[in-house]
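The values are calculated or read from the model by the stated rules, or taken from the named source; none is laboratory data. Because the structure is a prediction, the values reported are computed rather than measured. FYI the Cβ positions are ideal-geometry reconstructions off the backbone, even for glycines, and counts take in every protein chain you see.
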Amino acid sequence: MTAKPLLLFVSAHDNADPWVAELKAQLPEVEVRVWPDCPDKAAVDYALVWKPPAGLLATLPNLKVIFSLGAGVDGLLADPALPDRPLVRMVEPGLTEGMTEYVCLHVLRWHRDSPLWEQQQRDRVWKQSAHVPLARERRVGVMGLGALGSDAAAMLAALRFDVAGWSRSPKDIPGVKGFHGADQLPAFLARTEILVCLLPATAETDGLLDAGLFAGLPRDAVVINASRGQVLVEEDLLAALDSGHLRGATLDVFRTEPLPPDHPFWTHPKVTITPHVAAITQARTGVQQVVDGFRRHQAGQPLVNLVDRSRGY
Ligand code: NDP
Ligand code: OXD
């Protein structure tokens, strides 16, 4: 009898139970093991991973495909021993819908001045604004128009925001003004009152959200970063908030996670923090993508959502 292909689930964070249950239900033709339960490393054909121990994947000599539990693969690519096998990143509706909810929530929150009203409530102040703008009067800019950014931008446009997007290559998203490449970044920034960052962390995007970029935004602009902490220069953001140039920031991701208890972001009056929860891969729909990749690979068909290692995403 031929042995079933073996898939190894490795995650530093996720509770393996829902994943194993979904994998067994949706992929009965595969044997599933959860690291560190792996008596024969040579038997592992596929790996489904989130933050695996550095070097672990290199010890699996017959590994055929690496599936990432996350959309962002910067952590995996940082492992110098990452084996040269196809790397499939996570693109699944749960992650996309969750991110779009997060983006809309925080864009609306800043658009409707909620932080101000919350402060006024704490201070028992009744003071109305002379003008409460509509979404159609608010210019939002989304950096990164991939699986997540394109969906979020389209939903913001459906909420009637005046939306633009910036990406490496040109895009055509209905209701979203397209900007691309370094040359068009200044024009994109100049028209952006609420900036949403959904770029991957790569060599090119490292530290992109810095003092120079903030200076290109209009006064009172807001920054929402739900991509990776590496994209943001934290001291520059603090300086732009403290100088009064920026109105506020919502941050879900940080250079060091968990955010250290003494970090100034925790208590900054203009900063809202969430603990890297903007979007979470859902087991049921996430496994569907793994099933699709597994079946494609078994049938000798091209894999989708493959990471281009030279680009870093
Ligand atoms: P994609 O790879 O689908 O999209 C990336 C987008 O960024 C593309 O539009 C790409 O342009 C653009 N881009 C990349 N590099 C550059 C550059 N140098 N200049 C301009 N544009 C660039 O990724 P996803 O949308 O799936 O995910 C985005 C990121 O979100 C992930 O990498 C991850 O870091 C983060 N994330 C955060 C989560 C959270 O909970 N906080 C959850 C999930 C993901 P082009 O289209 O032209 O290639
Ligand atoms: C991801 C994340 O990249 O959750 O999927 O950050």
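Observations on the model:
- Filter result (touching a Gly at 6+ places or on another chain (Cβ under 9 Å) and buried (at least 18 other Cβ atoms within 10 Å of the Cβ)) within region 231-251: 231, 232, 233, 241, 251
- Residues satisfying the stated conditions in region 228-253, i.e. over 19 Å from residue 149 (Cα atoms), under 23 Å from the mean Cα position of the chain (by Cα) and in a loop (DSSP other than H, G, I, E, B): 233
- Pairing residues of region 64-79 that are part of a loop (DSSP other than H, G, I, E, B) with residues that are acidic (Asp, Glu) and more than 10 Å from ligand 1 (Cβ to nearest atom), at Cβ distances under 7 Å and at least 6 apart in sequence or on separate chains, gives 64/45; 69/14.
- Region 136-165: number of residues that are out of contact with any strand residue (DSSP E or B) (no Cβ under 8 Å at 6 or more places or on another chain) and either assigned to a helix (DSSP H, G or I) or among the basic types (Lys, Arg) (or both): 6
- Among the candidates 105, 148, 69, residue that is in the same structural domain as residue 199 (by TED's automatic domain parsing) and within 13 Å of ligand 2 (Cβ to nearest atom): 148
- Options 138, 85: the member that is at pLDDT 95 or above and assigned by TED's automatic domain parsing to the domain that holds residue 67: 85
- Selection status of residue 175, surrounded by fewer than 19 Cβ atoms within 10 Å (Cβ to Cβ) and of a type outside the set (D, E, K, R): yes
- For region 107-128, the criterion of being buried (at least 18 other Cβ atoms within 10 Å of the Cβ), within 17 Å of the chain's Cα centre (by Cα), touching a residue at least 12 places away in the same chain (Cβ under 8 Å) and within 12 Å of ligand 1 (Cβ to nearest atom) is met by no residue.
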